[in-house]
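Notes follow once the structure below has been shown.
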């Protein structure tokens, strides 16, 4: 008997404890109360929420009135949270709204209501949650806009909507690509510098450059240098890689730029191998072992030729570039004809002789032959064999050689002298 009594007492205590816990639970206030609840037994899951929303026009109208649309019911920007009796709405540990309010289908305390609202033909009573809630807190579905600002919620246990005064949402991590700057290093080489902004927890991990010539490069540095192989116009784009909670890639109009690579300049040089000038080459091809920038390095001493001057029949040296086929010939034999001769008077000997025209020397010769009229007697040639002396002299002829010639000459001279003296004396007497 005592044993049965003890068992009965234990069962009674257990039921009392369980009942007390059930009564203390927040869900107890919302269990299947069709008089107060918008949804009699609540909407504990997302699927139940969607089913009720699309099947009950009154609930749909009430949610639309509370700024909740189809996309939000489908899950856009929807999170789980808690609404407290003191009016706080908390999601992910952050107070997203204060002064929370709600509606009830009916009320036992109309004086606690701050008004009514008719939605879709149904009248609802509006309350601050502190005047509506029996318990301290209830689980909710909560919705936000794209910037993280709280919009509305619905209590899972009863389907009653809530709203409140949104608190400013924390700044979202933000990564932006602001500008791409270019600097010309040389004709075909450019330096690029990227300016990016990472704030509120965002970060930059790398930069990817598209140089517009079919090549890309990813680097952790905000600066990079690139050399183009060909002249032309190129569009350069940089993408900033980073994190805004998750991995992101950001670019913008300001992170694009146009560049122009000019053709490589040319230059005229002297080619040393064959002394040719001008030779046109690209500036990058210049090699001081092969070329010279000084044109004078290609000016060699001109080559000379021996030529025959056709008109004068003279052989003369001329520069190779002066050769003229109409005036010159390299056939020197054409200048070996008999040169023209002239008669001259040799001034010293008073002889007239023939010389080559080009041998004429005015200090030695003169073409005035009159200066040679007194011609010297040319001695007779001596015979190679002396003539025979005649044995008998010819009558009436004195020999012309030896002492006889001398005597005769003296007699002749003396007679002439005597005659002259006599003539002079006779003239005086007269």
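The values are calculated or read from the model by the stated rules, or taken from the named source; none is laboratory data. Because the structure is a prediction, the values reported are computed rather than measured. Glycine gets a Cβ as well: all are built from the backbone with ideal geometry, and neighbour counts include every protein chain shown.
General observations
- Qualifying residue in the range 373-395 (condition: modelled with pLDDT of 85 or more and in a loop (DSSP other than H, G, I, E, B)): no
- Residues located in the range 264-284, provided they are in contact with a strand residue (DSSP E or B) (Cβ under 8 Å, 6 or more places away or on another chain) and either more than 30 Å from residue 230 (Cβ to Cβ) or surrounded by 13 or more Cβ atoms within 10 Å (Cβ to Cβ) (or both): 264, 267, 269, 270, 271, 272, 277, 279, 281
- Residue tally, condition in contact with a strand residue (DSSP E or B) (Cβ under 9 Å, 6 or more places away or on another chain) and in a helix (DSSP H, G or I), over the range 131-154: 1
- Residue match in the range 47-67 (condition: buried (at least 18 other Cβ atoms within 10 Å of the Cβ), more than 24 Å from residue 123 (Cβ to Cβ) and touching a residue at least 60 places away in the same chain (Cβ under 8 Å)): no
- If you go through the range 287-297 and keep only what is surrounded by 11 or more Cβ atoms within 10 Å (Cβ to Cβ), at pLDDT 85 or above and farther than 10 Å from residue 268 by Cα, you end up with just 290.
Here's the yes/no breakdown for (1) surrounded by 13 or more Cβ atoms within 10 Å (Cβ to Cβ); (2) at pLDDT below 85; (3) on the phi > 0 side of the Ramachandran plot:
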| residue | (1), (2), (3) |
| --- | --- |
| 324 | no, no, no |
| 331 | no, yes, no |
| 334 | yes, yes, no |
| 338 | no, yes, no |
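- Test result for residue 313, surrounded by 11 or more Cβ atoms within 10 Å (Cβ to Cβ), closer than 30 Å to residue 359 by Cβ and either touching a helix residue (DSSP H, G or I) at 6+ places or on another chain (Cβ under 7 Å) or without any contact (Cβ under 8 Å) to a residue 12 or more places away in the chain (or both): yes
- Filter result for residue 136 (exposed (fewer than 14 other Cβ atoms within 10 Å of the Cβ), over 54 Å from the mean Cα position of the chain (by Cα) and more than 24 Å from residue 61 (Cβ to Cβ)): yes
- Residue 279 part of a strand (DSSP E or B) and more than 30 Å from residue 327 (Cβ to Cβ): yes
- Residue among 234, 209, 228 that is within 23 Å of residue 175 (Cβ to Cβ), surrounded by 12 or more Cβ atoms within 10 Å (Cβ to Cβ), modelled with pLDDT of 90 or more and within 21 Å of the chain's Cα centre (by Cα): 209
- Subset of the range 164-196 that is within 30 Å of residue 130 (Cβ to Cβ) and touching a residue at least 60 places away in the same chain (Cβ under 8 Å) - its residue that is surrounded by the most Cβ atoms within 10 Å (Cβ to Cβ): 164
- Taking the criterion of being more than 60 Å from the chain's Cα centre (by Cα), farther than 22 Å from residue 371 by Cα and outside any loop (DSSP other than H, G, I, E, B), the residues of the range 302-355 that qualify are 308, 309, 314, 315, 332, 333, 334, 335.
- Those residues of the range 240-256 which are assigned to a loop (DSSP other than H, G, I, E, B) and at pLDDT 95 or above, in sequence order: 251, 252
- Tally, over the range 70-112, of residues that are assigned to a helix (DSSP H, G or I) and either touching a helix residue (DSSP H, G or I) at 6+ places or on another chain (Cβ under 9 Å) or surrounded by 16 or more Cβ atoms within 10 Å (Cβ to Cβ) (or both): 4
- So residue 236, is it part of a strand (DSSP E or B), in contact (Cβ under 8 Å) with a residue 60 or more places away in the chain and closer than 23 Å to residue 179 by Cα: no
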